[in-house]
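Notes follow the structure.
The values are calculated or read from the model by the stated rules, or taken from the named source; none is laboratory data. All values derive from a computational prediction rather than experimental measurement. A quick note on method: Cβ atoms are made from the backbone with ideal geometry, for glycine too, and the neighbour counts reach across all protein chains shown. Ligands, DNA and RNA are stripped out before the accessible areas are found, and what is left, the full protein with its side chains, is counted by its heavy atoms. Shrake-Rupley method; radii C 1.70, N 1.55, O 1.52, S 1.80 Å.
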Amino acid sequence: LSEDSAIRMIALFDHEEVGSGSAEGAEAPLLANCMRRIATHLGQGEEGVVERALHGSFIVSADMAHALHPNYAEKHETNHQPKMHKGLVIKHNANQRYATNSISAHLFRRVGLNNGLAVQEFCVRSDMGCGSTIGPIMAAGLGVRTVDVGAPQLSMHSVREMMATDDVYYAVAHFTCFFGQFTKLASALQVDAQARALFPSGAGL
């Protein structure tokens, strides 16, 4: 990290379970203010430096994920059944209850694959409601690429919540690798490469 050009931040918020709408919650301007002040200082006040910093940033919204419950397996989609001891879960939702998109999922998944770390995928059944995280709040408020992830947990919000010790290891290892490798990985990412090949001048895009 000492040789990396990027800056890492860890933000811990209160009141997530009651909507995040407080001075200490994710809707507060603390994170945006910190990012703006850092970018302005390092960019020496250059015009547009804050916007460019936000555009190049990435948020990992780390919460928990619903592990497959053996007594209620029908509550999960067949191909989206996170299991304990099997690694972090990337969470998807078309209604934006999670902020993950194809690009953010790819980047986070690639870090796991490059380092031999298990990764799982979860999408709630389309006929069922879905909880949310602070990911969509921060993604919408900052305009920053965001991925929603979490360790699989059994019986979330019950009096007997359980998770696997292996998944603590997977979480620490995955986040550590992400911190160290994101800049290089993101710089190699090409989005819409095929479109640029078809329209090299940008016409039609």
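State the extension gain, in nm to one decimal, for the chain segment bounded by L142 and S126, taking 0.36 nm per residue of separation less the distance between their alpha-carbons.
3.0 nm
How many Å² of accessible area per residue for the chain, probe 1.4 Å?
Working: 12490 Å² over 205 residues.
Roughly 61 Å² per residue, with all protein chains present.
Roughly how many Å is it from the Cα centre of segment 46-89 to that of segment 113-158, as a whole number?
If you average the Cα positions of each part, the centres end up 3 Å apart.
In deg cm²/dmol, rounded to 500, what helix-only [θ] at 222 nm does the chain give when every DSSP H run of at least 4 residues adds -39500 (n - 2.57) and the total is split over its residues?
Rounded to the nearest 500, it is -10500 deg cm²/dmol.
What is the list of residues in segment 52-66 whose amide nitrogen lies under 11 Å from a point 7 angstrom out from the Cα of L189, following Cα to Cβ?
56-60
Once you mark the GluC sites (Glu not before Pro) that are in a DSSP loop and have at most 14 other Cβ atoms within 10 Å, what is the longest gap between them in the chain? Spell out each step's value before the answer.
On the way: sites that count: E3, E24, E46, E47, E77, E161.
Here the longest run is 78-160.
Pick out, in residue order, every one of the chymotrypsin sites (Phe, Trp or Tyr not before Pro) in segment 1-93 that is DSSP loop and has at most 15 other C-beta atoms within 10 Å; say none if there are none. Can you show the working numbers first?
Working: sites: F13, F58, Y72; in loops: F13, Y72.
Here the sparse-neighbourhood loop sites are Y72.
Give the percent of DSSP beta bridges with both residues in segment 24-183 that are antiparallel, rounded to the nearest 5.
20
For segment 27-123, run through the trypsin sites (Lys or Arg not before Pro) and keep only the ones in DSSP coil with at most 13 other Cβ atoms within 10 Å of their Cβ. Mind dumping the intermediate values first?
Details: sites: R36, R37, R52, K75, K83, K86, K91, R97, R109, R110; in loops: K83, K86, R97.
Filter output for segment 27-123: empty list.
Return the loop-located trypsin sites (Lys or Arg not before Pro) in segment 112-178 (DSSP other than H, G, I, E, B) with at most 16 other Cβ atoms within 10 Å of their own Cβ; answer none if there are none.
R125, R160
Helix 102-114: angle to the longest alpha-carbon principal axis of the chain, degrees 0 to 90, nearest 10?
It works out to around 80 degrees.
Ratio of the chain's C-alpha Rg to 2.2 N^0.38 Å, to two decimals? Before the final figure, lay out the partial values.
Values: Rg = 18.4 Å, N = 205, 2.2 N^0.38 = 16.6 Å.
That works out to 1.10 for the chain.
Of the accessible area of the chain, with the probe set at 1.4 angstrom, what percent is carbon plus sulfur?
The nonpolar share, carbon plus sulfur, comes to 54 percent.
So for the chain, taking the charge dipole from beta-carbon charges (+1 Lys/Arg, -1 Asp/Glu), which of G131, H15, V172 sits furthest toward the positive end?
Among G131, H15, V172, the one farthest towards the positive end of the dipole of the chain is V172.
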